[in-house]
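Enquirer: For reference, the structure I am asking about is given below.
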Amino acid sequence: MNICIVGGGLMGSGIGQVTAQANLNVTIIDITDESLEISKKRITDSLERFVRKNRIESVDAVLDNITFSTEMNALSFADVIIEAVPEKLDLKKGIFEQIDELAKEDCLLASNTSCLSITEIASVTSRPEKVIGMHFFSPVPMMPLLEIVKGYKTSEETYERARELGEKLGKRMVVAQKDYPGFLMNRIWLPMVNEACYAVMEGVGTPEEIDQGFIDGYGHTMGPLKTIDMAGLDITLWALDALYEGFNDSKYRPCPLLKKMVEAGDLGRKTGKGFYTYN
């Protein structure tokens, strides 16, 4: 099975890594060689940690399953294509228009979006029945969950193929049966995260206190603010904006503090500062 990942960022790199670890051939596509070098380093660093923890035997054996490319024509050889570009609807629709032109007729087409409409993304293709959401959770090599999202026209065959792939990747799956903003997991998770941001903004508690409360009181391994620092505050804001616009409901209105932090470039761990400061 040949798999193409469109987008070599944090999510695309992670999806590429777990695919290669499952001994499947994977091509990661991005627009510049520099982006692909960052992707390769990110994967290599992750694999080296796995070796130290005795989770895999060899970094090179996994990397041998990965090809890095700037050529979209590589899509024409894929059995599965997973789009993993930033959470901007117009960008994703543009990518899927290209995918539709290049992909084989029987290719499984998936989007890693965490909140945007699979139905609308699929609408720009000539085969919406073959498009499905496969929402991986970050960091992909560590988090076992995969959320599968059915679009309005997604066929049962496409759903079964996506489940089979998830099983090959060693993921545990939940299914969003209907394509509503935020799907299943983010529709529940994001309002809670947003409220944690409001609690910090209003001085009700510190990030440390809020996160420790979730660890000690609710059994979470990581609190909500540290979690969104890891995922990227910009990603969290994009997802909240999609919920707010999709439902037109004030309960999803993004916290002003979160918006200001993103405007200031404090995006979490990837920039060295978010709700916490990183070295």
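No value in this document is a laboratory result; all are computed from the given coordinates. Computed from a predicted structure; not experimentally measured. As a convention, Cβ positions derive from the backbone with ideal geometry for all residues, glycine included, and neighbour counts pool all protein chains shown.
Enquirer: Roughly how many nanometres apart are two label points built 7 Å out from the Cα toward the Cβ at T221 and K259?
Expert: So the two model labels end up 3.5 nm from each other.
Enquirer: Using a Gaussian network model on the chain with a 10 Å cutoff between Cα atoms, which of I56, I15, I132 fluctuates the most?
Expert: Among I56, I15, I132, the largest mean-square fluctuation in the Gaussian network model of the chain belongs to I56.
Enquirer: Along the positive direction of the dipole of the chain (beta-carbon charges: Lys, Arg +1; Asp, Glu -1; about the Cα centre), which of P128, V18, Q212 reaches farthest?
Expert: Q212
Enquirer: Pairs of alpha-carbon atoms within less than 8 angstrom and 6+ residues apart define the contacts here; what relative contact order does region 1-115 have, in percent? Can you show the working numbers first?
Expert: Values: 185 pairs, mean separation 36.5, N = 115.
This gives 32 percent for region 1-115.
Enquirer: Right, here's the next one. Looking at region 44-150, what % of its DSSP beta bridges pair antiparallel, to the nearest 5?
Expert: Working: 4 of 11 bridges.
Counting only bridges with both partners in region 44-150, antiparallel ones make up about 35 percent.
Enquirer: Please report, for the Cα atoms of region 26-131, the Rg to one decimal and the Dmax as a whole number; what are they, in angstrom?
Expert: 15.6, 46
Enquirer: Taking +1 at the Cβ of each Lys and Arg and -1 at the Cβ of each Asp and Glu, which of L145, S114, L63 sits farthest along the dipole of the chain towards its positive end, judged by Cα position relative to the Cα centre?
Expert: With unit charges placed on the Cβ atoms, the residue in question is L145.
Enquirer: Does anyone have the angle between helix 207-218 and the longest principal axis of the chain? Alpha-carbon axes, 0 to 90°, nearest 10?
Expert: 70 degrees
Enquirer: If you take every residue apart from F214 with its C-beta less than 13 Å away from the C-beta of F214, what net charge results, scoring Lys and Arg +1 and Asp and Glu -1? Don't jump to the answer; show the numbers that get you there.
Expert: Values: positive: K226; negative: E195, E208, E209, D211, D216.
Taking every Cβ under 13 Å from that of F214, the sum is -4.
Enquirer: Obtain the nm distance between the two label points defined at T271 and M192 by a simple spin-label model: each point lies 7 Å from its Cα along the Cα-to-C-beta direction.
Expert: That separation, rounded to one decimal, is 2.6 nm.
Enquirer: Sticking with this one: Dimensions of the chain along principal axes (Cα, Å, largest first)?
Expert: Computed over the chain, the largest-to-smallest principal extents equal 54, 45, 33 Å.
Enquirer: If you take the charge dipole of the chain about its Cα centre, with +1 on Lys and Arg Cβ and -1 on Asp and Glu Cβ, which of S39, I28, G223 is farthest toward its positive end?
Expert: G223
Enquirer: According to a simple spin-label model (label point 7 Å from Cα along Cα-to-Cβ), what is the distance in nm between K53 and Y180?
Expert: Label-label distance for Y180 and K53, simple model: 3.5 nm.
Enquirer: Only bridges with both residues in the chain count here: give the DSSP antiparallel percent, nearest 5. Each step should come with its number before you reach the end.
Expert: On the way: 6 of 31 bridges.
Antiparallel: roughly 20 percent of the beta bridges in the chain.
Enquirer: While we're on this one: Report the charge-dipole magnitude of the chain in Debye, nearest 20, computed about the Cα centre from +1 at each Lys and Arg Cβ and -1 at each Asp and Glu Cβ. Kindly include the intermediate steps, with their values, before the conclusion.
Expert: On the way: 30 positive and 41 negative charges, 106 e Å.
In debye, rounded to 20, the chain gives about 500.
Enquirer: Over the chain, what relative contact order in percent results from Cα pairs under 8 Å that are six or more residues apart? Please report the intermediate quantities before stating the final value.
Expert: Details: 494 pairs, mean separation 37.7, N = 279.
Relative CO of the chain lands at 13 percent.
Enquirer: About the Cα centre of region 154-279, what is the dipole size in debye to 20, counting +1 per Lys and Arg Cβ and -1 per Asp and Glu Cβ, all else neutral? The partial results should precede the final answer.
Expert: On the way: 15 positive and 19 negative charges, 42 e Å.
The calculated dipole for region 154-279 is roughly 200 debye.
Enquirer: For the chain, can you list the cysteines whose C-beta has no other cysteine C-beta under 4.7 Å from it?
Expert: Taking the Cβ cut-off of 4.7 Å, the unpaired cysteines of the chain are C4, C107, C115.
Enquirer: Taking DSSP loops as anything outside H, G, I, E and B, show the longest stretch in the chain free of GluC sites (Glu not before Pro) there with at most 11 other beta carbons within 10 Å.
Expert: Numbers: sites that count: E57, E71, E105, E202.
Segment 106-201 is the longest.
Enquirer: Provide the net charge surrounding E156, with neighbours chosen by a C-beta distance below 14 Å and charges set as Lys +1, Arg +1, Asp -1, Glu -1.
Expert: Details: positive: K130, K150, K153, R161, R163; negative: E129, E157, E160, E164.
Computed value for this residue: +1.
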